[in-house]
Amino acid sequence: PNTYCASMICCCTDKNFKTLWGRMSSITSGLNDRMFFLYQRATFKDVTPPISVNTQDGALETRKLIDRAVSQGVYKIVDSSPLVARMNGDNRLENRQEIRAEKFALYFAVDLGYDEITEDCIERGLALVEYERAVKRRLRPSESLTKEAQIQNEIVDYLHGNGGKASERDMARVLHPARYGT
């Protein structure tokens with residue numbers, strides 16, 4: 001209640017995601033800072049027949065943990081030094097990333113049945129934020145204001161993904177320049 005959260009499932013290729021995300025999130029919107037990207041595996045597991053799993057016991061246990069957390073109301077951080085170190089170090093977290101790390105740490109404390117947020121919970125929260133940062137570096141979502149800038153961003157992304165080298169033929173096969181005209 002009285003908060004907001006939205007999930008967005010894109011289900012598109014890296015290339016299409018970059019183009020679409022660049023249109024949706026402008027520099028001034030702040031969406032990039034507010035989003036957590038979950039990246040798919042590079043290689044998929046083999047397809048297997050569906051397996052039926054009983055989730056009822058686990059769901060009931062999770063519900064008990066959530067009810068306990070709600071009745072507790074406030075969770076204190078045992079030792080905030082890992083957060084402080086990440087807020088002031090060379091690999092400094094941005095404000096929203098630090099807040100997400102705290103919220104992830106709270107999640108771990110609740111899920112593990114703790115009465116307080118331990119250093120281990122904070123380390124896990126920071127690891128999730130590091131994952132987020134790595135995905136954003138990998139995807140490098142970029143904004144473009146003109147069609148030419150979009151094309152240049154696509155070329156740079158393609159070259160970046162190929163170690164800075166590509167034949168014109170390979171690039172044309174992936175980027176389909178004919179759709180932009182001559």
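Note on segment 153-175: residues that are part of a loop (DSSP other than H, G, I, E, B) and open to solvent by less than 60 Å² (accessible area, probe 1.4 Å) total 3. Here SER144 clears all of (1) in a helix (DSSP H, G or I); (2) more than 30 Å from ILE77 (Cβ to Cβ); (3) touching a helix residue (DSSP H, G or I) at 6+ places or on another chain (Cβ under 6 Å) except the condition numbered (1). Residue pairs whose Cβ atoms lie under 7 Å apart, sitting 6 or more positions apart in sequence or on different chains, and linking a residue in segment 112-129 that is closer than 21 Å to PHE36 by Cα to a partner that is at pLDDT 95 or above and crowded, with 22+ Cβ neighbours inside 10 Å, are CYS121/ALA105; CYS121/ALA109; ILE122/ALA105; ARG124/ALA105; GLY125/ALA105.
Here are LEU38, LEU20: which of them is at pLDDT 70 or above, outside any helix (DSSP H, G or I), among the hydrophobic types (A, V, I, L, M, F, W, C) and open to solvent by 70 Å² or more (accessible area, probe 1.4 Å)?
Working: LEU20 fails: outside any helix (DSSP H, G or I).
The unique qualifying residue is LEU38.
Consider segment 104-137 and keep the residues that are open to solvent by less than 40 Å² (accessible area, probe 1.4 Å), in contact with a strand residue (DSSP E or B) (Cβ under 9 Å, 6 or more places away or on another chain) and part of a helix (DSSP H, G or I). The one that is nearest to VAL74 (Cα to Cα) is ALA109.
Could you list all residues from segment 82-103 that are open to solvent by 50 Å² or more (accessible area, probe 1.4 Å) and in contact (Cβ under 8 Å) with a residue 12 or more places away in the chain? Steps first, please.
So the first thing to find is which residues in segment 82-103 are open to solvent by 50 Å² or more (accessible area, probe 1.4 Å), and the list is 84-85, 87-88, 90-92, 94-96, 99, 102-103.
GLU94, ARG96, GLU102, LYS103, listed by residue number.
The lone criterion from (1) surrounded by 13 or more Cβ atoms within 10 Å (Cβ to Cβ); (2) at pLDDT 85 or above; (3) part of a loop (DSSP other than H, G, I, E, B); (4) of a type in the set (Ser, Thr, Tyr) left unmet by THR48 is number (1). In the condition set (1) in contact with a Ser or Thr (Cβ under 9 Å, 6 or more places away or on another chain); (2) of a type in the set (Ser, Thr, Tyr); (3) free of Cβ contacts under 8 Å to residues at least 60 places away in the same chain, SER144 is compliant with all but (3).
The values are calculated or read from the model by the stated rules, or taken from the named source; none is laboratory data. Fair warning: this is a prediction, and the values are worked out from it, not measured in the lab. Heads up, the Cβs are rebuilt from the backbone with ideal geometry, glycines too, and the neighbour counts pull from every protein chain shown. Calculation scope for accessible area: heavy atoms of the full protein, side chains included, ligands and nucleic acids excluded. Shrake-Rupley method; radii C 1.70, N 1.55, O 1.52, S 1.80 Å.
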